[in-house]
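As structure tokens, the structure follows; a few thoughts come after it.
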Amino acid sequence: MTAQLIDGNALSRQLRTEVAQRAAALKARGTTPGLAVVLVGDNPASQVYVRNKVKACEDSGLHSVLEKYEAEMTEAALLARVQALNNDPSIHGILVQLPLPQHIDAQKVIEAISPAKDVDGFHIASAGALMTGMPGFWPCTPYGCMKMLESLNDGKGYDLKGKHAVVIGRSNIVGKPMALMLLAKNATVTICHSATSDLKAQTLQADVIVAAVGKRNVLTADMVKPGAVVIDVGMNRNDEGKLCGDVDFEGVKNVAGWITPVPGGVGPMTITMLLVNTLEAAERAAGT
Ligand code: NAP
């Protein structure tokens, strides 16, 4: 292996310690940061995700409320709950776990969340803020990837200025915001997707590659420039049922300069950035 491993677990521990310290300081001034997590229905994966988010809050000294509702909950009732949480001063961040049952318009629910409490960063106002460089909440997964880049070179960071970054995937929650964050740091950014005609021709030019597709082995060693930074957002299962990413880790680790593993890479960073956003929301609400 020639690549250095970017350890998402270690970086998460470090960032969560900082969150806990800032949360304690805010608490001492009378504000306990609070996150409301809303789950509708009984999707097993969603149940695991919300449990992990609530536990992470508790571990870092943040107040968290888990609201669970039957899959039959009406859209109007959910919108009313979101409105109540918008008005609740003990709640600084609101997260509605996706996917929602089919009869509920997820976008309508997201738009009902106050942008000041949109710690997932999915509100159209948050997307607009990211696009225009205004203050707002950044979606947690690409934000976590940026923190990973900042952690390289013993914390001095990876200088993106003038570098070529290739993002594979253009979803609203990962690919597009990722590209905007890299652009804001002066990288030259290419976004690839399912209609990209020659993915390898693009990735071979890249100093930084972020794979956010959801398909195994989208990126193999022959597609990577020696020394490139490779960040694997994908979450898939291999033939043995084990968690794996989009990147052929065994091959690419011999070519890349840095690489994130799956598991233990981007995954833990996503929840960590949710804590950071919630703390930030509470600090803003408290005027600090
Ligand atoms: P998504 O909405 O399904 O988007 C996937 C993107 O990949 C789409 O833009 C699609 O292109 C593109 N794509 C599909 N096949 C491709 C190919 N062969 N070559 C190039 N691009 C291709 O998925 P997502 O929500 O962004 O998530 C992506 C992956 O990240 C999933 O595995 C998800 O589970 C994982 N994820 C992980 C975390 C974490 O915390 N680790 C968080 C979020 C997501 P089109 O737009 O043309 O369809």
When D118 is run through (1) over 19 Å from C57 (Cβ atoms); (2) in contact (Cβ under 8 Å) with a residue 12 or more places away in the chain; (3) not aliphatic (A, V, I, L, M), the failure sits at (1)
In the set S171, S151, the lone residue that is at pLDDT 95 or above and either out of contact with any helix residue (DSSP H, G or I) (no Cβ under 7 Å at 6 or more places or on another chain) or within 10 Å of the ligand (Cβ to nearest atom) (or both) is S171
Of K176, K225, K163, the only residue that is within 10 Å of the ligand (Cβ to nearest atom) and either in contact (Cβ under 8 Å) with a residue 12 or more places away in the chain or under 30 Å from A106 (Cβ atoms) (or both) is K176
Note on segment 250-267: residues in a helix (DSSP H, G or I) and either within 20 Å of V208 (Cβ to Cβ) or within 8 Å of the ligand (Cβ to nearest atom) (or both) are G251, V252, V266, G267
Subset of segment 179-212, residues more than 10 Å from the ligand (Cβ to nearest atom), closer than 16 Å to I259 by Cα and in a loop (DSSP other than H, G, I, E, B), comes to L204, A206, D207
### Message
Going residue by residue through segment 213-228, is there one that turns out to be acidic (D, E) and assigned to a loop (DSSP other than H, G, I, E, B)?
### Response
no
Exercise for review: Could you tell me whether A282 is within 16 Å of the ligand (Cβ to nearest atom) and not polar (S, T, N, Q)?
Suggested key: no
Would segment 184-194 turn up any residue that is surrounded by 15 or more Cβ atoms within 10 Å (Cβ to Cβ) and over 30 Å from P135 (Cβ atoms)?
-> no
Exception for V174 within (1) out of contact with any Gly (no Cβ under 8 Å at 6 or more places or on another chain); (2) surrounded by fewer than 23 Cβ atoms within 10 Å (Cβ to Cβ) falls at (2)
Among residues of segment 228-239 being more than 18 Å from A187 (Cα to Cα) and within 12 Å of the ligand (Cβ to nearest atom), the residue surrounded by the most Cβ atoms within 10 Å (Cβ to Cβ) is V233
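The values are calculated or read from the model by the stated rules, or taken from the named source; none is laboratory data. Quick caveat, the model's predicted, so the values are computed rather than measured. Heads up, the Cβs are rebuilt from the backbone with ideal geometry, glycines too, and the neighbour counts pull from every protein chain shown.
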